């Protein structure tokens, strides 16, 4: 597509002054077309009251790897962070069934590198850059925090020189396993295809990939979640403990899948306060 036309499209796709920044300026790796869904980006939500070098979070909405819950797991999360002086970047990653692994992971990892590469411009503290994922976005988040690298210092692209390791992670009712019976079958099908190699499914069951340098994790789930079994959160938390990764797990008895910030639930609505206290304890707040 013509670069000028592409720039115009991104201007018009911005939301209330929050620009959409493409993850790649040129050709997109592994692209299968040139439509909007073939061009991953981040929507920039800079906190108006943030001080110089403020924490930032890459927000990864869920949607079963086949869609994006951009309101309650995107826009509302960005507003929550902005109100507390934290910059937010909402990720639009490529989706199945058109795109399978490793494409979403490639997009999310690139987003972390891109934010770091423009940290000075966006007044981001690149040592306090986190990632916050929901449901299938939680699986993508758990993939990023268990499969990262320090960047390539010899890369011609300055973005690729940056580390893809987030400094902290928030996982809300995450899909973790890609193996039955624990997995969410829709997410598995969209990410891995209808008949995936069992070894690939095992390798992307991310409780198996936690490493000693996985960043600190805050995990939320409900025992009543009928879409993504709570066992996903439990096995990932246990893997963190086994590797001595700082982690905190909150399981509420009741509540459906996809609660977001749970503003209307008299019990669940307390969970963002628990999160903020955890972030403060680890010095990830402004």
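Taken across the range 226-247, residues that are without any contact (Cβ under 8 Å) to a residue 24 or more places away in the chain and closer than 23 Å to residue 56 by Cα do not occur at all.
Output the residue which, of all residues in the range 2-23 that are more than 18 Å from the chain's Cα centre (by Cα), outside any helix (DSSP H, G or I) and at negative phi, is modelled with the lowest pLDDT. I'd like the intermediate steps shown before the answer.
Our first condition is that a residue be more than 18 Å from the chain's Cα centre (by Cα); within the range 2-23, this holds for 2-19.
If we keep only those that are outside any helix (DSSP H, G or I) too, we end up with 2, 13-19.
Retained after the next criterion (residues that are at negative phi): 2, 13-15, 18-19.
Values: 2: 48, 13: 45, 14: 49, 15: 55, 18: 94, 19: 97.
Of everything passing the filter in the range 2-23, 13 is modelled with the lowest pLDDT.
In the range 79-105, what residues are farther than 15 Å from residue 53 by Cα and either in a loop (DSSP other than H, G, I, E, B) or at pLDDT below 95 (or both)? Within the range 79-105, 83, 93, 94, 95, 96, 97, 98, 99, 100, 101, 102 meet the criteria.
Test residue 182 against the criterion of being more than 25 Å from residue 118 (Cβ to Cβ), surrounded by fewer than 23 Cβ atoms within 10 Å (Cβ to Cβ) and modelled with pLDDT of 95 or more, and give yes or no. Yes.
Give the range 235-262 a look and list any residue that's assigned to a helix (DSSP H, G or I) and either surrounded by fewer than 18 Cβ atoms within 10 Å (Cβ to Cβ) or touching a helix residue (DSSP H, G or I) at 6+ places or on another chain (Cβ under 6 Å) (or both), or say none. So that I can check it myself, show each step before the final result.
Just the residues of the range 235-262 that are assigned to a helix (DSSP H, G or I), to begin with: 235-242.
Those that are assigned to a helix (DSSP H, G or I) and either surrounded by fewer than 18 Cβ atoms within 10 Å (Cβ to Cβ) or touching a helix residue (DSSP H, G or I) at 6+ places or on another chain (Cβ under 6 Å) (or both): 235, 236, 238, 239, 241, 242.
In the range 125-138, the residues that are under 8 Å from residue 56 (Cα atoms) form Cβ pairs under 8 Å with partners that are at pLDDT below 95, at six or more places apart or across chains, as follows: 125/53. Selection over the range 24-64 of residues that are modelled with pLDDT of 95 or more, under 19 Å from residue 127 (Cα atoms) and assigned to a loop (DSSP other than H, G, I, E, B) gives a count of 2.
Going by the conditions given, is residue 271 farther than 26 Å from residue 64 by Cβ, in a helix (DSSP H, G or I) and modelled with pLDDT of 95 or more? Don't jump to the end; show me each part of the working.
Numbers: farther than 26 Å from residue 64 by Cβ: no; in a helix (DSSP H, G or I): yes; modelled with pLDDT of 95 or more: yes.
No.
For residues in the range 121-144 being out of contact with any strand residue (DSSP E or B) (no Cβ under 8 Å at 6 or more places or on another chain) and assigned to a strand (DSSP E or B), which is nearest to residue 279 (Cα to Cα)? Ranking the candidates gives 127 first. The criterion of being in contact (Cβ under 8 Å) with a residue 40 or more places away in the chain and either part of a helix (DSSP H, G or I) or more than 18 Å from residue 247 (Cβ to Cβ) (or both) holds for residue 191.
Scanning the range 271-286 for residues that are surrounded by 12 or more Cβ atoms within 10 Å (Cβ to Cβ) and closer than 14 Å to residue 80 by Cβ yields 271, 272, 274, 275, 276, 279, 285, 286. Filter the range 45-73 down to residues that are buried (at least 17 other Cβ atoms within 10 Å of the Cβ) and closer than 16 Å to residue 17 by Cβ and give me whichever is nearest to the chain's Cα centre (by Cα). Of everything passing the filter in the range 45-73, 45 is nearest to the chain's Cα centre (by Cα).
The values are calculated or read from the model by the stated rules, or taken from the named source; none is laboratory data. As the structure is a computational prediction, the values presented were derived from the model and not from experiment. With ideal geometry, Cβ positions are generated from the backbone for all residues, glycine too; neighbour counts draw on all protein chains shown.
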